[in-house]
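To start, the structure under review is shown below, and the notes come after it.
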Amino acid sequence: MINDILFWMFAITSTLYAIHLGLYLVGANFYDIWQYRRRARYQQLQEEGQLQWRPLVSVVISAHNEEMVLARCLDSIRGSTYKNVQVVLMDDASADNTLAIARRYQRKYRNMNITVAHMSKNSGKGGALNRALTEFAKGELVMTLDADSILSKTAIERAVGYFIDPTIVGVAANVRIIEEPSVLGVLQTLEHMIGYRSKKFYSIANCEFVIGGVASTYRMDVLRAVNFYDTDTFTEDIGLSIKIVSQGNRNARLVYGADIVATTEGVTRFKALFRQRFRWKYGSLQNLVKYRRLILNPSARYSRSLTLYRMPMAVLSEIVIMCLPFILGYVIYVSITSLDPRLLVGAYFTITAYTMMTLWFDEHTSFWNRIRLSLYAPIMYFIFYIMDMVQVVAVVRCAIKIRSLVTQKNEGSTWVSPQRVGREVTPTL
């Protein structure tokens, strides 16, 4: 009986993963075609002189104890190819020199349009962003940026280009990890590359609802319409994007901008990774519960790919994660008792091949960096199990707090910035 249950768990999970990988591969190809046509049309409009729209973009940064990385972030904005930019920096009760560095930068570069404000009480990232947006931001478009992030030179310009399409209301950036020479550093680097590649399919299928806080860009009138960020969950960025989608996504699309490149620091210790992924997982579940009405919703306001596929799969994937230890144990048991390693070998080659394809089809990885990262690919199947276990622990911790999740208890909180490395990185893309 137990063997039958485990077999069907394995069969269903394997089928889901196979379907997902297939959709991601096909979707990425269609996305690349869409991008080629979109860029060609944009270039044509520029050459014909029909593209005169140069909106003010408010780049909004919330910062809490970010003295090691803030100047680096501001430098990347100053080096942008797009110049009609307003920078709004909200210091959220920092106890270090963050505010002093911001003020000094403001005085040094008087030609930049920089507004610096301070909150005396730690109100959390969502609260800090809301004050920046409601009191100081004046742009027609808004890009939010974490203080440890670095924008590529063309990021803002390329983000603006998407909004030529009136049906696009928000754009997710291509967020890269500043790689550190460690197992954890390589793991996060490849994990982000693989994860963000899936967004190509979500964009083409019009079922994207998760936009992170790094270099995400929105129309200001859309943010006003939904009353900006909610502060009752751990992940205010996901909360904002799904709240926008909940108003209807057929003619108000969220898309992924693979050419909008920003880099950010990963965590440097496994303890910090466990904390980060629990916060992400709990915040995601909070928002899934909060907007559960989207699941299987027949309303014509929503794309079927969102309500019949993406939202149900988001819930199902959390259930699958909890089953991972049992599934892995079953595979190992069968492989040993039958002296037949084909299950493990098949899974190994599938994941390794997909990792290699993601790496070599990536638009923003240099040839030599692809070669270097390819050397890690043969062992990434085993290293990815580290992340799987981190996810399992996060889901279990969320299950312990299931009552708070179900009752939608307001658990928005103050924030603590993780340990920063502060390594100099030159944005060249």
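Here are some notes:
- log₁₀ of I(q)/I(0) at q = 0.13, 0.18, 0.20, 0.21 Å⁻¹ - the stretch 264-405, Debye sum with one point per alpha carbon: -0.85, -1.22, -1.24, -1.24
- Theoretical FRET efficiency, 1/(1+(r/R0)^6), r = Cβ-Cβ of ILE383 and VAL26, R0 41 Å, to 0.05: 0.95
- In the chain, the calculated helix contribution to ellipticity at 222 nm averages -17500 deg cm²/dmol per residue, counting -39,500 (n - 2.57) for every DSSP H run with n ≥ 4.
- The residues THR350, THR263, sorted by heavy-atom accessible surface at 1.4 Å with ligands and nucleic acids left out, run THR350, THR263 from largest to smallest.
- Semi-axis lengths, Å, the stretch 136-190, gyration tensor of Cα atoms, sqrt of 5 times eigenvalues: 29, 13, 9
- Compactness of the stretch 84-226 was expressed as the Cα radius of gyration divided by 2.2 N^0.38 Å, which yields 1.16.
- Take the Cα of GLN52, step 7 Å toward its Cβ, do the same at ALA11, and the gap between the two points is 6.5 nm.
- Label sites at VAL183 and ASP96, each approximated as a point 7 angstrom past Cα along Cα to Cβ, lie 2.8 nm apart.
- Taking chymotrypsin sites (Phe, Trp or Tyr not before Pro) across the stretch 257-344, none is in a DSSP loop with at most 11 further Cβ atoms lying within 10 angstrom of its Cβ.
- Rounded to 0.05, the FRET efficiency of the ASP165 and SER374 pair, given R0 = 30 Å and the Cβ-Cβ distance, is 0.25.
- Counting charges near VAL393 (Lys, Arg +1; Asp, Glu -1) among other residues having Cβ under 12 Å from its Cβ returns a value of +4.
- Scattering curve values for the chain, log₁₀ I(q)/I(0), Debye with Cα scatterers, q = 0.11 Å⁻¹: -0.88
- Fully extended contour minus Cα-Cα distance, from ILE295 to ALA40, at 0.36 nm per residue: 88.2 nm
- Overall, the accessible surface of the chain at a probe of 1.4 angstrom is composed of carbon and sulfur to the extent of 61 percent.
- ALA95 sits among other residues whose Cβ lies under 14 Å from its own Cβ, and their net charge, with Lys and Arg +1 and Asp and Glu -1, is -4.
- Between GLN106 and MET356, the modelled label-to-label distance comes to 5.4 nm, taking each label 7 Å out from Cα in the direction of the beta carbon.
- Bridge orientation summary for the chain: considering DSSP beta bridges with both residues in this region, about 20 percent are antiparallel.
- Per residue accessible area in Å² of the chain, where ligands, DNA and RNA are left out and the probe is 1.4 Å: 47 Å²
- Normalised contact order of the stretch 205-278, rounded percent, pairs of Cα under 8 Å and 6 or more residues apart: 35 percent
- Calculated FRET value between PHE274 and LYS138, using beta carbons and R₀ = 41 Å, to 0.05: 0.55
- Per residue, the convex hull volume that the Cα atoms of the stretch 264-307 enclose (Å³): 100 Å³
The values are calculated or read from the model by the stated rules, or taken from the named source; none is laboratory data. Bear in mind the structure is a predicted one, so any value in this text is a computation, not a measurement. Positions of Cβ are backbone-derived with ideal geometry, glycine not excepted, and every protein chain shown enters the neighbour counts. In case anyone asks, the SASA skips ligands and DNA or RNA and just uses the protein heavy atoms, side chains included. Shrake-Rupley method; radii C 1.70, N 1.55, O 1.52, S 1.80 Å.
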